[in-house]
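S.K.: What follows is a structure written as structure tokens; I'll ask about it next.
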Amino acid sequence: MHTALLFLTAIGFLVFLIWYLATDEMETRLRVGLACILSIAACCGLSLFPIDKNIRLGLDLKGGTAFLIGLDGTPSEAALNQAVEVIRKRVDNFGLTEPIIQPVGTNRISVQIPGLSEENKAAARQQLSRVAKLEFRLVHPENEELIREFKENGTRPPLDYEILDFVERDRQGNEVREKIVVKRKPDLTGKAVAQAYRTFDEIGRANVAIEFTEEGKAAFGKLTSENIGNRLAIVLDGEVRSAPVINQAIFGQAVISGGGMTPQEAEEVASVLENPLETPVKILEERAIDATLGTDSIEGGIRAGIIASVSVVGFMVLYYHLLGIISVIALAINIFLLLGFLAQFQFTLTLPGIAGIILTIGMAVDANVLIYERIRDELKRGTPIPIAYRAGFERAFNAIFDSNVTTLIPAVILIFLGTGPLQGFAVTLTLGLIANLFSALIVTRNAMEWLITKFQPKHLTMFQIIDNPKLNFLSLRLFSAGFLAVVFLATFIIYQQKGSSVYGVDFLGGDAVTIRYQQPIPIQDIRKTLQDKKEVTGNISTFPEENLFIIQTRYENGDAVFQILQNQFPEAGLQKVALDRVGPVVGSELRDRAILSISFGLIGILIFAMIRYNWTFAFAATIGQIVDVTLTFLIIASLGVEINMPLIAAFLTIAGYSINDKIVIFDRIREGLKLRQNESLIDIINESLNFTLARTLITGGTLVLAILALLFFGGSIIHNFALTMLVGVLTGMFTSHLFAPALIYWLRPSKRIPIPSNPTPSPISS
């Protein structure tokens, strides 16, 4: 019933949305628009219900399950790293869980996964420990006779054959094991597999389809063409899962039917086939883990969220009056939709994720600000309110469209090329953009249509920070470029002097000291004590069922950390159980894929901006974005802030804000170039910067309000994240008005810059 209602509300939303965009009749638009909003809200509400199951909390907020995995023998460093990356990909199969995975010592791997049910724990054990050794072996032509002789007389098959279990399921789903005689030496191995995925046959049974590499296709085609009429066994981890008769040469894909696999089993088999382990592993320990944050950090995050929301809401209402109330309604719907979308994707919410939602509160008002400022411009010209609001939406659409697409491009690339936390961030960003766009272009517009049509207000009053500014921004172009160069050089020198010390355990690895206690110590007290002693710590895990906690710190600091805690908390009866070396959470593959994804994202933005604007605009936007992120990184590193995984999300958020800010300004410059072709380029750029100054100050100001709430009320854990965001936003505001437009001026091929004559029209015009 729940699924059917969810499907119906989703279909209803699509129908109403298309209807709303297609109709021009106002009475119809009012009712259809409201139906569209209510249907998507109902869909998200159903997705959230029950909220305790559909909004999963991360390791930092709720805890989870910790597995310690051992590799057989004495694996090489390459084999250990390969196992880490394979296990990371397998864990990703459970969804956007934000796990913590890192090597321990020379032959163990620590895996911490949040929110596992008992059923999922069993699946996790199987996924984590399965080798996934895939082999294709020919079945003996006289299989039935050999099996009969084996059962009756114990007769063994020929030396180059062996008897394996043939695992199938009956119609009731029960596992059935038979025997089958296959070649001892495989004819083809899993190294020929390029991709594996779940599929279904013609009657709906779950299968696993296997795609081969180019070499694998040739080898499999040769094997099947030479053995038409014989059976080929597909062997997974020493068990035969399928043994079909070869009817023809196959140069495409193979299929594991499994004789009755459930869809979940097929998904698990496909996952391990795509990520086979080179070294056998086993689970050494399984423990319940408490939330890695103290109650003070969790309460601080909630408190910061409330303060940020009240601050932004209060500002919008005071500044835009009645329109501000509409933006608050749109903002509330925005957050509700975002939570519903995250529930649909089974997203795991962490404290940085909560911080990201809080920042969304600050950024979500941007589209509304763009629309309202355009409406203000129309009202100043004496345009009647019913026409002014339409013109405001129409004129703001290009800036909203371009800024959101340029932010969406790297997010989509991260979804496809990234892994683990990168994909989690990208999904959150993408869903946030969708919610923002819907709230601004549908919710805000429909609310204004109801207001203007039904209540017919005579005036729309708005407060104004700056009235008709006449600042000469480009006169400061040399100063701003020189200032950025000096700051860049100074912070780079400090960064070089600090060296690797700016990176935390997440990037460098370190010591993990396991401590047993007789009396529990609040985790926030542990963290504060070590911070006061200037000890850099990574993940702090507590295992209350065993009276243990594990603290990660820099290499060679494990004993010192234990001694500090023993001296500070003598009543706790602390005892050091073990001291291990742990590898970085950010492995080489995660780092390489992050660099690759961000590089392709920048290229995508560059291409889009060249199509929509001009190569000078594209180059200026891309360089400005790189400067913002790089300079923020250097400033934060020079301030002694430890670079860890949560800060990666901050840098990615800054990149999104940076390009959004610059594209909005560039859109106004493009409009000026089109409308005032007889004016000089420097006058057009200055005039455009003055037009967008209020928008930059309001959007940046609301974002700063949210960040300051995080900075002062979010607790010590979120402090560095908020500080990074504050530096990034202020840097972005500076470069958007004083550096990136100067690049356009310097890069111009002439006083005139050709621009596309047909920018994308608004699909919501009426």
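S.K.: Could you work out the relative contact order of the range 532-689, using alpha carbon pairs under 8 angstrom and six or more residues apart, expressed as a whole percent? All intermediate terms of the calculation are to be shown ahead of the outcome.
M.R.: On the way: 86 pairs, mean separation 18.4, N = 158.
Relative contact order, the range 532-689: 12 percent.
S.K.: Now a separate question. Tally up the carbon and sulfur contribution to the accessible surface of the range 596-706 as a whole percent, 1.4 Å probe, everything protein left in place.
M.R.: 71 percent
S.K.: Report the local net charge at residue 559: Lys and Arg +1, Asp and Glu -1, summed over other residues whose C-beta lies under 9 Å from its C-beta. Could the numbers behind the result be given before it?
M.R.: Values: positive: 576; negative: 511, 556.
Local net charge: -1.
S.K.: Once the Cα gyration tensor of the range 368-510 is diagonalised, what are the square roots of 5 times its eigenvalues, in whole Å and ordered largest first, as equivalent ellipsoid semi-axes?
M.R.: Values: eigenvalues 349, 136, 29 Å².
Each semi-axis is the square root of five times an eigenvalue, giving 42, 26, 12 Å.
S.K.: Pick out, from 349, 407, 147, the residue whose Cα sits farthest towards the positive end of the charge dipole of the chain, with +1 on the Cβ of Lys and Arg and -1 on the Cβ of Asp and Glu.
M.R.: So the residue we want is 407.
S.K.: If you keep only loop residues by DSSP, which GluC sites (Glu not before Pro) in the range 176-233 have at most 12 other Cβ atoms within 10 Å of their Cβ?
M.R.: Those that pass, being in a loop and sparsely packed, are 202, 226.
S.K.: Positive end of the dipole of the chain, charges at C-beta (+1 Lys, Arg; -1 Asp, Glu), about the Cα centre: which of 199, 564, 388 has its Cα farthest in that direction?
M.R.: Farthest towards the positive pole: 388.
S.K.: In degrees from 0 to 90, rounded to the nearest 10, what is the angle of the helix 2-22 Cα long axis to the longest principal axis of the chain?
M.R.: 40 degrees
S.K.: Another question, then. At 222 nm, what value in deg cm²/dmol follows for the chain if DSSP H runs of at least 4 each add -39500 (n - 2.57) and the sum is divided by all its residues, to the nearest 500?
M.R.: On the way: 23 runs with 440 residues, N = 766.
The per-residue figure over the chain is -19500 deg cm²/dmol.
S.K.: Viscosity 0.692 mPa s, temperature 37 °C: Stokes-Einstein D of the range 669-734 from its Kirkwood Cα radius, in µm² per second?
M.R.: On the way: Rh = 13.8 Å.
Taking Rh from Cα pairs, D becomes 237 µm²/s.
S.K.: Could you give me the ³J(HN,Hα) list for the range 208-214, computed from phi with Karplus coefficients 6.51, -1.76, 1.60 and θ = phi - 60°, whole Hz, x at Gly and Pro?
M.R.: In residue order, the calculated couplings are 10, 8, 10, 9, 9, 5, 4 Hz.
S.K.: Just going by the charge dipole of the chain, with Lys and Arg at +1 and Asp and Glu at -1 on Cβ, which of 337, 253, 309 is farthest out on the positive end?
M.R.: 309
S.K.: Another question about this same structure. Given a cut-off of under 8 Å on Cα pairs at least six residues apart, what relative contact order in percent is computed for the range 158-253? Kindly include the intermediate steps, with their values, before the conclusion.
M.R.: Values: 147 pairs, mean separation 23.5, N = 96.
Relative CO of the range 158-253 lands at 24 percent.
S.K.: How far apart, in nm, are the 7 Å Cα→Cβ label points at residue 15 and residue 531?
M.R.: A separation of 5.4 nm, rounded to one decimal place.
S.K.: Quick check: net charge around residue 285, other residues with Cβ under 15 Å of its Cβ, Lys/Arg +1 and Asp/Glu -1? All intermediate terms of the calculation are to be shown ahead of the outcome.
M.R.: Details: positive: 108, 121, 125, 282, 287, 516; negative: 286, 545, 546, 580.
Here the count lands on +2.
S.K.: Moving to a separate point now. Just to be sure I understand the model, the point goes 7 Å from the Cα along the line to the Cβ. What's the resulting residue 546 to residue 712 distance in nm?
M.R.: The modelled label-to-label distance comes out at 4.4 nm.
S.K.: Something else now. Starting from 0.36 nm per residue, how many nanometres of slack lie between residue 459 and residue 149 once their C-alpha separation is accounted for?
M.R.: Taking 0.36 nm per residue and subtracting the Cα distance, the gain is 102.0 nm.
S.K.: For a quick protection proxy, order the peptides 34-47, 472-485 by their average other-Cβ count within 10 Å, most packed first. Please list the in-between numbers first.
M.R.: Values: 34-47: 20.4, 472-485: 14.4.
Highest to lowest by the protection proxy: 34-47, 472-485.
S.K.: Using the heavy atoms of the protein chains and a 1.4 angstrom probe, tell me the accessible area per residue for the range 479-631 in square angstrom. Walk me through the numbers before you get to the answer.
M.R.: On the way: 7300 Å² over 153 residues.
Ligands and nucleic acids excluded, the result is 48 Å² per residue.
S.K.: Ordered by residue, what ³J(HN,Hα) values in Hz, to whole numbers, does the range 479-496 give under the Karplus form 6.51 cos²θ - 1.76 cosθ + 1.60, where θ = phi - 60° and Gly and Pro are x?
M.R.: So the J values, rounded to whole Hz, are 4, 5, 5, x, 4, 4, 5, 5, 4, 4, 5, 5, 5, 5, 4, 5, 4, 5.
S.K.: Let me ask something else about it. Roughly how many debye, to the nearest 20, is the charge dipole of the chain about its Cα centre, given +1 on each Lys and Arg Cβ, -1 on each Asp and Glu Cβ, and no other charges?
M.R.: Values: 66 positive and 73 negative charges, 480 e Å.
So the dipole magnitude of the chain works out to roughly 2300 debye.
S.K.: If every alpha-carbon in the range 121-269 counts as one equal scatterer, what log10 I(q)/I(0) does Debye give at q = 0.20, 0.21 1/Å?
M.R.: Log10 of I(q)/I(0), two decimals: -1.37, -1.45.
S.K.: When Lys and Arg each count +1 and Asp and Glu each count -1, what net charge do the other residues less than 13 Å away from residue 741, Cβ to Cβ, add up to? Write out the running numbers ahead of the final one.
M.R.: Details: positive: 477, 662, 668, 670, 748; negative: 661, 667, 683, 687.
Net local charge, residue 741 excluded: +1.
S.K.: When the chain is fully extended, how far beyond the present Cα-Cα distance does residue 470 get from residue 8, taking 0.36 nm per residue of separation? Please list the in-between numbers first.
M.R.: Details: separation 462, 0.36 × 462 = 166.32 nm, distance 5.39 nm.
That works out to 160.9 nm of additional length.
S.K.: Can you give the Rg/Rh ratio of the range 627-708, where Rg is from the C-alpha atoms and Rh is the Kirkwood radius?
M.R.: Details: Rg = 16.5 Å, Rh = 14.8 Å.
Here Rg/Rh amounts to 1.11.
S.K.: Could you order peptides 669-678, 110-119 by the average number of other Cβ atoms within 10 Å of their residues, highest first? Mind dumping the intermediate values first?
M.R.: Details: 669-678: 15.6, 110-119: 18.7.
The peptides rank, most packed first, as 110-119, 669-678.
The values are calculated or read from the model by the stated rules, or taken from the named source; none is laboratory data. Quick caveat: nothing in here was measured; it's all calculated off a predicted structure. Reconstructed Cβ throughout: ideal geometry from the backbone, glycine too, with neighbour counts over all protein chains shown. The accessibility values were calculated without ligands, DNA or RNA, using every heavy atom of the protein model including side chains. Shrake-Rupley method; radii C 1.70, N 1.55, O 1.52, S 1.80 Å.
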